[in-house]
Amino acid sequence: MEIITTSAGKKRLAHNGFVYTKKKTSKSTKRWECSQRVAKSCKGAVVTNINMTTINSTTSHSHEGDKFHVEAMELREDKRNKECIGKPVSASVIFAMMNKKKETRL
């Protein structure tokens, strides 16, 4: 479970290859819904404790997880934090970073 900040400053939850958008916060929990809720009519959701250290419940997705998308978001955030604070990072830069990361794993 990881929190990723988008270029617009929004928080996203990444977990098991899925990305979630925060929808509701109560006194003790936060509800996160699948970021593909509209595009893929997905009902996937996660409820975490307020500190986001524990997942209390999950609802299944109508599609497969996309670890490539999660990794791209993480790299985009990392790149933005290190070099481009507040500026968008192009898809070509992210793609090049992901290819470089794959090469170092081999």
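No value in this document is a laboratory result; all are computed from the given coordinates. In this text, all values refer to a predicted model and were calculated from it rather than measured experimentally.
Normalised by the number of residues in segment 2-59, what is the relative contact order in percent for Cα pairs under 8 Å and 6+ residues apart? Relative contact order, segment 2-59: 21 percent.
Taking amide hydrogens as placed 1.01 Å from N in the peptide plane, the amide H of VAL19 sits under 5 Å from those of SER35, each at least 5 positions away in sequence or on another chain. Note on LYS11 and GLU74: the extension gain reaches 21.5 nm, defined as 0.36 nm multiplied by sequence separation minus the Cα-Cα distance. Amide H to amide H, with H built 1.01 Å from N, GLY44 comes under 5 Å of CYS34, SER62, counting only residues 5 or more places away or on other chains.
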